[in-house]
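Accompanying notes for the structure given below.
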Amino acid sequence: MQGKLHNKTAVITGGANGIGRAFCKHLAGEGADIIIADIASTEETLQ
């Protein structure tokens, strides 16, 4: 079964941490392709 957002793309700013990250996970779970833009460094994001 495909999610509600199958074949849709979401661009999320501030998606590396916190609420933005949770939102990215939710949209991906619904089938969206996600593009994440954030100023956080890779090291910050991996924590």
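Bear in mind these aren't lab numbers, they're just calculated from the coordinates by the rules spelled out. What you are looking at is a predicted structure, and each value in this text was computed from that prediction instead of being measured. No Cβ is skipped: glycine too gets one built from the backbone with ideal geometry, and neighbour counts run over all protein chains shown.
Here are the numbers for the structure shown:
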| read-out | value |
| --- | --- |
| Segment Ala28-Val11, length gained on full extension (0.36 nm per residue, minus Cα span) | 5.0 nm |
| Net charge contributed by nearby residues that have their C-beta within less than 14 Å of Cys24 (K/R +1, D/E -1) | 0 |
